[in-house]
Amino acid sequence: DAGVTQSPTHLIKTRGQHVTLRCSPISGHKSVSWYQQVLGQGPQFIFQYYEKEERGRGNFPDRFSARQFPNYSSELNVNALLLGDSALYLCASSLGDRVKRGELFFGEGSRLTVL
Amino acid sequence: GDSVTQMEGPVTLSEEAFLTINCTYTATGYPSLFWYVQYPGEGLQLLLKATKADDKGSNKGFEATYRKETTSFHLEKGSVQVSDSAVYFCALGANAGGTSYGKLTFGQGTILTVHP
């Protein structure tokens, strides 16, 4: 079975541009979460979506937005890119809506470089 | 708010040495605790978990015990192998009754290098 897939794997943008990152969860998983991992740090929670509804939002500016589609795939959008947005963006899926009962399955991430 | 603190790294060991990576947390109530591992070139993988106090999570020779009295979840392995070289992250998840569904709070990670 396919795991969590993310695209693109690498991309380079310039300051002020917009980026869209995509994630396909494991088949049957209805929850998708997004994390930002800056080099040398642990992942930071950005969003969680469950059954196409936002269930959680981390401490990120409004330039960050996301959505989940009827097939449970998800997009993360970042507007007006800043140098500090350079990071590995991780998508994770889970079967249920609560981490306590299930585990998060992570994709390999999309590495964004902002010049 | 919730937070996780891991021991300063990196950690360098010889094969068959004993490993301890310290992890302490701050959270309200009774969070779930996790260790995730990130092998070179791969995504994060769940290594083990514990969902209530005194639970011991174990997998691939690694163990960690949920200690509520010391708010700790230290990772241990009795004999490390070269293949254990990776970055290890301690993390906590929200209480069962909380609203932070897919949110995990991660520590900063500890780089482990094991030499033959």
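The values are calculated or read from the model by the stated rules, or taken from the named source; none is laboratory data. Computed from a prediction, not measured in an experiment: that's the story for all the values here. Glycine also receives a Cβ, built like all others from the backbone with ideal geometry; neighbour counts cover every protein chain displayed.
A compact table of results
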read-out	value
Test result for A:A80, within 11 Å of chain B (Cβ to nearest Cβ), touching a Gly at 6+ places or on another chain (Cβ under 9 Å) and either of a type outside the set (S, T, N, Q) or touching a residue at least 40 places away in the same chain (Cβ under 8 Å) (or both)	no
Residue that is modelled with the lowest pLDDT [pool: residues in the range A:88-106 that are outside any strand (DSSP E or B) and at the interface with another protein chain (Cβ under 7 Å from one of its Cβ atoms)]	A:K100
Residue, modelled with the lowest pLDDT, within the range A:26-48, restricted to residues that are within 8 Å of another protein chain (Cβ to nearest Cβ) and surrounded by fewer than 24 Cβ atoms within 10 Å (Cβ to Cβ)	A:G40
Search result, residues across the range A:10-27 that are touching a strand residue (DSSP E or B) at 6+ places or on another chain (Cβ under 9 Å) and part of a loop (DSSP other than H, G, I, E, B)	A:T14, A:R15, A:Q17, A:H18, A:P25, A:I26
Within the range A:56-71, considering residues that are under 13 Å from the mean Cα position of the chain (by Cα) and not small (G, A, S), the one nearest to the other protein chains (Cβ to nearest Cβ)	A:R57
Condition check for A:S74: over 22 Å from B:Y88 (Cβ atoms), touching a Cys at 6+ places or on another chain (Cβ under 7 Å) and crowded, with 18+ Cβ neighbours inside 10 Å	yes
Residue check, B:Y66 more than 24 Å from A:T9 (Cβ to Cβ) and surrounded by 14 or more Cβ atoms within 10 Å (Cβ to Cβ)	yes
Candidates B:V80, B:V114, filtered to the one that is at pLDDT 90 or above, away from every other protein chain (no Cβ under 14 Å), in contact with a strand residue (DSSP E or B) (Cβ under 7 Å, 6 or more places away or on another chain) and not in a strand (DSSP E or B)	B:V80
Selection from the range B:83-96 of residues that are in a strand (DSSP E or B) and more than 19 Å from B:G29 (Cα to Cα)	B:A86, B:V87, B:Y88, B:F89
Residues satisfying the stated conditions in the range A:23-66, i.e. of a type in the set (K, R) and free of Cβ contacts under 8 Å to residues at least 60 places away in the same chain	A:K52, A:R55, A:R57, A:R63
Hits in the range B:30-44 - residues which are surrounded by 24 or more Cβ atoms within 10 Å (Cβ to Cβ) and more than 9 Å from chain A (Cβ to nearest Cβ)	B:L33, B:W35
Residue check for A:I46: in a strand (DSSP E or B) and not basic (K, R)	yes
Residue within the range B:61-72 that is of a type outside the set (G, A, S), outside any strand (DSSP E or B), under 28 Å from A:V4 (Cβ atoms) and within 11 Å of chain A (Cβ to nearest Cβ) present	no
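Residues are listed down the side, and each one gets a yes or a no for (1) closer than 19 Å to B:Q38 by Cα; (2) among the charged types (D, E, K, R):
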position: A:T5; (1), (2): yes, no
position: A:T9; (1), (2): yes, no
position: A:I12; (1), (2): no, no
position: A:R22; (1), (2): no, yes
position: A:V32; (1), (2): no, no
position: A:F47; (1), (2): no, no
position: A:Y50; (1), (2): no, no
